[in-house]
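The values are calculated or read from the model by the stated rules, or taken from the named source; none is laboratory data. Not measured: the values here are computed from a predicted model. Positions of Cβ are backbone-derived with ideal geometry, glycine not excepted, and every protein chain shown enters the neighbour counts.
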Amino acid sequence: MNKKAIINGIITISSLALLAACSPQDSENQESVDSSVQSSIPAAESSSDSQMMSESEDMYNEMDGMIPDDYGEIPEGLEEAENPTYSVGDRVTIQTDHMKGMKGANGTIMGAFDTVAYEVTYEPTNGDTIVENHKWVLKEEIPEARNQEEPLSEGTEVTLEASHMEGMEGVTATIDSAKETTVYMLDYQPTDGGEMVKNHKWVTEDELAPE
């Protein structure tokens with residue numbers, strides 16, 4: 001009888017010791033798992049945010065400061081060309097390099113207009129370096145030229161009302177050259193793999209060729 005009681009006591013003490021030894025370890029393991037899961041969530045979110053910021057910066061750099069015009073708005077008073085070489089919907093190849101990935105790109109004509117196109121030099125309002133010989137700003141985008149029958153002469157200071165580049169609108173610019181021509185607004189796919197450019201302004205007739 002006493003022997004049986006002693007054996008039962010030993011078993012009970014052994015069981016309690018086993019539970020005491022296992023319980024903290026299980027608790028620590030659970031805390032370790034929870035900690036691991038929680039620490040991984042911010043890391044994943046941080047990685048995603050960084051990737052999105054990087055993609056946004058890449059897109060801006062690819063466009064070289066150009067502001068996309070999703071609606072294709074045109075300046076007031078700009079008249080459509082009566083007999084343009086390229087009509088709306090025509091496919092063309094761009095022969096100029098105003099923007100990175102532009103030269104050699106294929107595009108679609110979205111508008112054709114007869115006007116005076118100016119090449120200008122200006123200092124952007126956003127702190128960027130001086131932009132020299134920018135092509136093109138139209139007479140309808142320059143208050144001083146808007147009602148002039150003859151093109152403004154080289155060296156004339158004017159105000160730009162165009163907004164197709166960052167820091168352009170409202171600046172004082174100097175006329176570098178002017179020519180009466182047909183200008184085109186077009187969509188094109190850059191040759192460097194960048195995003196499709198919508199309603200690019202402006203390309204002159206001699207800067208295009210049939211696709």
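The residues listed here are Ile142, Ile74, Ile130; of these, the one that is of a type in the set (Val, Ile, Thr) and either under 27 Å from Ala209 (Cα atoms) or at pLDDT below 95 (or both) is Ile74. Only residues that are in a strand (DSSP E or B) and surrounded by 14 or more Cβ atoms within 10 Å (Cβ to Cβ): list them for segment 180-198, please. Correct list: Thr181, Thr182, Val183, Tyr184, Met185, Leu186, Asp187, Tyr188, Gln189, Val197, Lys198. Per the conditions (1) modelled with pLDDT of 95 or more; (2) under 12 Å from Trp202 (Cβ atoms), the sole criterion not satisfied by Pro124 is (2).
Taking first residues from segment 127-147 that are at positive phi and partners that are surrounded by 12 or more Cβ atoms within 10 Å (Cβ to Cβ), the Cβ contacts under 7 Å between residues at least 6 apart in sequence or on separate chains come to Asn133/Glu119; Asn133/Thr121; Asn133/Asp176. Applying the condition of being β-branched (Val, Ile, Thr) and assigned to a strand (DSSP E or B) to segment 150-159 and asking which residue is surrounded by the fewest Cβ atoms within 10 Å (Cβ to Cβ) yields Thr159. Of all the criteria given as (1) in contact with a Ser or Thr (Cβ under 8 Å, 6 or more places away or on another chain); (2) modelled with pLDDT of 95 or more, the one not satisfied by Ile67 is (2). Can you find even one residue in segment 165-182 that is modelled with pLDDT under 95 and either within 21 Å of Gly101 (Cα to Cα) or in contact with a helix residue (DSSP H, G or I) (Cβ under 7 Å, 6 or more places away or on another chain) (or both)? Yes. Any residue at all in segment 160-167 that's in a strand (DSSP E or B) and closer than 25 Å to Ile94 by Cα? Within segment 160-167, one or more residues are in a strand (DSSP E or B) and closer than 25 Å to Ile94 by Cα. Filtered by the rule that a residue be over 17 Å from Glu76 (Cβ atoms), assigned to a strand (DSSP E or B) and of a type in the set (S, T, N, Q), segment 107-149 gives Thr108, Thr121, Asn133. Looking only at residues of segment 101-143 that are under 15 Å from Glu80 (Cβ atoms) and touching an Asp or Glu at 6+ places or on another chain (Cβ under 8 Å), we find that the one that is surrounded by the most Cβ atoms within 10 Å (Cβ to Cβ) is Thr115.
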